[in-house]
Structures are given as structure tokens and as C-alpha cells.
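The values are calculated or read from the model by the stated rules, or taken from the named source; none is laboratory data. Values in this document were obtained by computation on a predicted structure and should not be read as measured data. Neighbour counts run over all protein chains shown; Cβ positions are idealised from the backbone, glycine included.
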Amino acid sequence: MSTDDKSKRRLPVIDQPTTSTPPPSKDEQEAIVRAQTGRRAFLTAMGAAAAVAGGAIATGAASMSWEDFFRQHYLRLDDDARRALLAQLEARTLAEHGVEANIRAPAALEGVEYAYALNLDACTGCRQCEYACAAENNTSRDPQMHYIHVLQLDAGTFDLDDAEQQYEGTVPKRAHVYMPVSCQQCANPPCVRACPVNATWREPDGIVVVDYDWCIGCRYCEAACPYGARHFNFAEPSIAPSEINPDQGYLSNRIRPQGVMEKCHFCLHRVREGRLPACQEACPVGARHFGNLLDPTSDVRRILDTKRVYVLREELGTMPRFFYFFD
Amino acid sequence: MCSRCVALVVLVVALGCARETPHPISNTDALPDGAAADRVIELVARTPYLATYPCGAQCHDERVPDPTRRELVTFHAARRIAHGPAIHWCDDCHSITEPDHLVSLDGQNAISFDHSDELCGQCHGERHADWSEGMHGLSTGGWRGTVRRRTCTACHDPHAPEHIQLEALAPPRLDPRLAPEAR
């Protein structure tokens with residue numbers, strides 16, 4: 001198609017005979033191809049193979065096997081397939097990072113829905129939670145990725161647009177309050193609705209998770225999230241092997257590939273074993289409270305029952321499972 | 001055995017060794033009904049962290065404390081007392097007769113240093129109620145299973161309670177390529 005034809009299409013003229021539908025452009029083709037490197041390489045190879053009418057597929061598709069490419073969605077895998085998948089990921093972690101990871105896929109507990117309550121009167125903005133989270137969750141150090149962002153707000157306001165993230169020195173500063181923001185684990189999550197491939201979903205215990213192997217990296221969820229909680233791996237995540245946390249979960253802190261979304265998952269691999277999220281363990285002032293929303297005697301339920309509770313951007317109807325409170 | 005009994009097996013734990021016999025927290029009745037049996041609350045002992053404990057063996061078995069209100073020059077000189085209006089003195093909280101213990105306001109009950117909540121709760125009742133239900137204070141260990149809670153003095157210096165000042169860790173490093181609009 002000549003450049004003249006293209007310019008005609010861009011400026012349609014009424015009553016002119018329409019040109020036939022053009023074949024999809026290279027960009028359009030790429031948009032439907034998985035962004036994940038292995039998958040894309042595989043598809044490219046497969047496309048090339050199809051072009052030579054049934055030629056050998058193996059060439060150029062080294063990083064992904066048939067089983068990888070044609071495997072079912074995570075939620076449809078049976079126990080054996082899941083175990084095989086985890087073993088495969090552990091082997092890959094050992095091969096690529098030299099770390100013997102223990103990757104698990106704990107199931108959601110019955111009768112449990114997790115919630116977080118954060119005491120805004122107690123938080124001093126020391127960022128201990130932010131770094132403990134990074135250490136626990138194997139997030140990239142360079143470029144740096146943090147799930148938690150601590151906002152410094154002027155006392156008496158909740159003007160998030162004027163929030164300061166780059167404060168330094170001794171905290172808390174006079175006439176300021178601090179508000180750590182991470183994934184709000186919405187009960188009505190806009191990110192899940194935005195995902196075109198079901199790579200992110202809400203688990204029965206309320207945790208919104210991402211399957212890093214299923215994500216195509218389109219970043220629609222990032223645009224849909226009103227809390228800025230979803231982060232994209234622009235580069236290959238880099239962590240020194242000595243800093244890698246070997247205690248890993250499939251839907252949580254296993255090492256991510258480049259080109260996928262990730263976010264806070266309430267330390268899924270910890271909390272489903274009864275442990276606390278790393279941020280609460282790290283908080284030196286006891287501002288963080290984590291627990292089971294369905295247990296009327298739990299800490300978070302007592303807080304919701306008796307304290308002044310604030311939900312971030314309540315008007316959007318996302319129904320967060322992350323509550324801020326004053327006491 | 002009812003679920004509450006299971007939940008209220010409260011142990012005083014030190015790092016490896018308990019110095020005191022297990023001691024139920026004072027207001028067990030204030031805990032909500034039907035407290036889940038999946039939680040066991042442990043109080044983290046305070047005494048292993050006190051530099052001059054046991055006070056009796058280290059000094060006060062020999063030296064009888066002087067309850068007179070005065071400027072402290074020879075001992076405890078570094079101790080600043082700035083807890084509310086200037087009406088408090090050592091023997092309001094510390095037992096004269098039992099130097100290894102605190103004492104209730106009425107002078108009747110000795111209180112362990114590991115249970116400062118019983119002492120503080122005499123005045124700070126509302127806060128104490130919050131703490132005993134897990135709404136205030138630091139807890140670690142787990143949201144179920146073993147929950148480890150700290151008593152008041154783990155965070156607050158009772159002699160001069162103030163807001164805690166901490167050094168903030170480094171601000172997030174924003175990659176200019178990824179966030180050109182970053183301030």
C-alpha cells in the first residue's frame with residue numbers, strides 16, 4: 001500500500017468509494033501478542049513457522065516449552081499441575097539467581113477475609129514498612145520498586161495532590177501527618193475488571209492477586225487503579241542474590257519477569273500461614289493492625305466497630321479492605 | 001474448656017527464658033465474648049530489657065529508697081520526670097518495700113515490671129481497654145496462632161512520655177526515565 005493510500009484513509013472523504021479493509025498493522029499484531037518475553041518469542045517463532053507452512057517450530061523458541069505455552073489458567077490447574085509448576089519455578093530461580101527458593105501456593109483459608117487498619121495518629125512516617133516490604137517481596141532494587149508509598153500531608157488536610165513523598169530526616173515533622181498507601185485490596189476492584197486476560201483476580205479471602213506468568217503487561221490495570229498501587233516492571237527486576245527472600249509464593253513474592261504488573265498482596269504467602277504481613281512486623285510504633293474481617297473479635301473488627309475509620313477515595317465505590325483510623 | 005480459656009492462656013515470654021511464672025493479664029473479662037480460639041496472646045516480657053533490673057539485687061536490697069521529693073543528684077540523676085503535671089514522684093509507681101516491683105496507686109498491690117499495663121491502666125483506662133483488645137500497641141508474630149504483644153513501657157517511657165522521633169529511611173528513588181513528572 002502506497003503512502004498516498006494511507007493519507008487518504010486518514011482523511012476520509014464523503015461519497016468516495018471506501019478502500020478495502022487493510023491488513024492489521026505490525027503494531028496491531030503486536031498488541032494481541034503476549035508482552036511476556038518468552039511468550040512473545042515463542043509466538044514470533046510460531047508465526048515464522050506458520051509462514052513456511054508447517055515448518056519446524058522449535059527454532060528460536062528456546063525459553064518456553066509447549067507445556068508452558070499451552071498451560072491452563074492458574075485457577076484451572078489441578079494439584080499435580082500446580083506442584084509441577086512450582087517445582088519448575090524453583091528450578092528456574094536456582095538456575096537464574098542461584099537461590100534455593102521454597103515457592104508455595106497456599107490456598108485461601110475458610111471463613112477468612114483479610115483487612116488492614118492503619119492508625120494515622122500513630123504513624124510517624126519512618127518508612128520502615130516500605131523497606132521491609134521490599135525486602136520481603138523481592139521487588140526490584142534498580143529500578144527501585146516499592147509497594148508502599150508514605151505520603152506526608154499537612155495536618156488538618158487530606159489533600160493528596162499536595163502530598164510530599166520525598167521528605168527526609170527526623171520524623172514526625174511538626175504539623176504533618178503520614179499516610180502509607182499501598183494496594184487497598186478493593187472488594188470491588190477496578191483493576192480486575194480492566195484486565196483483558198484474567199491475569200488478576202480477587203481471591204476468596206479478599207486478596208487481589210496477579211499471576212505474573214499470565215500477565216501480558218498491557219498496564220490497563222495500572223490505569224484503572226485509583227490508588228496508584230499497581231507497578232510495572234519496565235526493566236528486568238534486579239536484586240542481589242544475597243538479598244533474595246527464598247520464602248516465596250506463586251501469587252505473591254516470587255521473582256517477577258520483566259514486562260509484568262505487580263502490587264501488594266497482603267504478603268499472601270505469610271498471612272495464609274497465620275503470620276502477619278512484613279510491614280506490620282516492621283512497624284516500630286504499632287500503627288498497623290492486620291486481621292480477619294469475619295472474626296468479630298479480631299483487632300481490625302474491633303477497630304472498625306469503635307474507631308473513626310476513613311477509607312481512601314470512598315466515593316469511587318471500590319470498597320477497600322484497607323482502613324485508616326484515628327484514635 | 002471454653003474457647004475463651006484457650007485464647008487467654010497468656011504467657012510471659014522472654015527471649016528464651018521466662019523470668020516470671022505465667023500471669024494472666026489483668027482485665028481478661030474485658031476481652032470480647034467468644035474470642036476466637038485460634039489466637040493465643042503472649043505478652044513480651046519487659047524485664048530482660050531493663051538495664052538495672054533486678055533493682056533489689058543490684059542496689060536497693062542494701063540501699064533503702066528515699067521517697068523524699070528532691071533533686072536527684074547521686075543516683076538516677078539522668079532521669080527526667082515529665083509525666084503530666086509535676087505531681088508525680090518515684091513512689092507513686094515504684095514500690096519502696098519491694099524494689100523489684102511496681103505498686104498500684106492505692107499502695108496495696110505489687111505489680112510486675114512485665115505488666116506495666118496494669119499500672120498505667122489505672123489512669124489511662126480508655127487506652128488500656130484499646131490495648132487489651134488489640135487496637136493499640138505493637139503486636140507481632142501472627143494474626144492468628146501466637147500473637148505477641150508489648151506492654152506500655154516497651155514503647156512509651158513512663159518517666160517522660162513523648163512522641164517518638166525516628167529517623168526516616170531514604171525517600172523512594174524515582175527513576176527519571178520512568179517518572180519524568182516526579183518532583
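The one condition from (1) in contact with a Cys (Cβ under 6 Å, 6 or more places away or on another chain); (2) within 14 Å of another protein chain (Cβ to nearest Cβ) that B:SER116 does not meet is (2). Residues in region B:119-139 that are under 14 Å from A:SER298 (Cα atoms), among the polar types (S, T, N, Q) and either touching a Lys or Arg at 6+ places or on another chain (Cβ under 7 Å) or more than 13 Å from every other protein chain (Cβ to nearest Cβ) (or both): 1 in all. For region B:41-63, taking the residues that are touching a residue at least 40 places away in the same chain (Cβ under 8 Å) and in a loop (DSSP other than H, G, I, E, B), the one that is surrounded by the fewest Cβ atoms within 10 Å (Cβ to Cβ) is identified as B:LEU50. In the condition set (1) in contact (Cβ under 8 Å) with a residue 60 or more places away in the chain; (2) crowded, with 19+ Cβ neighbours inside 10 Å; (3) touching a helix residue (DSSP H, G or I) at 6+ places or on another chain (Cβ under 9 Å); (4) within 12 Å of chain B (Cβ to nearest Cβ), A:MET179 is compliant with all but (4).
Note on region A:279-300: residues that are buried (at least 21 other Cβ atoms within 10 Å of the Cβ) and not in a loop (DSSP other than H, G, I, E, B) total 10. Name every residue in region B:73-111 that is of a type in the set (A, V, I, L, M), assigned to a loop (DSSP other than H, G, I, E, B) and in contact with a helix residue (DSSP H, G or I) (Cβ under 9 Å, 6 or more places away or on another chain), in order of residue number. Residues satisfying the conditions are B:ILE81, B:ILE96, B:LEU105. Among the residues of region A:141-152, those that are within 10 Å of another protein chain (Cβ to nearest Cβ) and in a loop (DSSP other than H, G, I, E, B) comprise A:ASP142, A:PRO143, A:MET145, A:HIS146, A:ILE148. The set of residues in region A:92-123 that are among the small types (Gly, Ala, Ser) and over 23 Å from the mean Cα position of the chain (by Cα) comprises A:ALA95, A:GLY98, A:GLY111, A:ALA122.
Candidates A:ALA194, A:ALA223, A:ALA229, A:ALA155: the one that is of a type in the set (A, V, I, L, M, F, W, C) and surrounded by 18 or more Cβ atoms within 10 Å (Cβ to Cβ) is A:ALA229. Among the residues in region A:234-244, are any closer than 21 Å to A:VAL192 by Cα and at pLDDT 95 or above? Looking through region A:234-244, none of the residues is closer than 21 Å to A:VAL192 by Cα and at pLDDT 95 or above. Without any contact (Cβ under 8 Å) to a residue 12 or more places away in the chain and among the charged types (D, E, K, R) - does that describe any residue in region B:100-122? Yes; the residues of region B:100-122 include at least one that is without any contact (Cβ under 8 Å) to a residue 12 or more places away in the chain and among the charged types (D, E, K, R). Restricting A:ILE239, A:ILE216 to those that are away from every other protein chain (no Cβ under 14 Å), hydrophobic (A, V, I, L, M, F, W, C), over 17 Å from the mean Cα position of the chain (by Cα) and in a loop (DSSP other than H, G, I, E, B) reduces the list to A:ILE239. The set of residues in region A:256-278 being of a type in the set (A, V, I, L, M, F, W, C), out of contact with any helix residue (DSSP H, G or I) (no Cβ under 6 Å at 6 or more places or on another chain), more than 7 Å from every other protein chain (Cβ to nearest Cβ) and assigned to a loop (DSSP other than H, G, I, E, B) consists of A:VAL260, A:CYS264, A:PHE266.
Residue under question is B:SER112, and the condition is that it be modelled with pLDDT of 90 or more, among the polar types (S, T, N, Q) and closer than 19 Å to B:HIS60 by Cα; does it hold? In short, yes.
Can you find a residue that is part of a loop (DSSP other than H, G, I, E, B), within 14 Å of another protein chain (Cβ to nearest Cβ) and of a type in the set (Phe, Trp, Tyr) anywhere in region A:226-233? No: zero hits.
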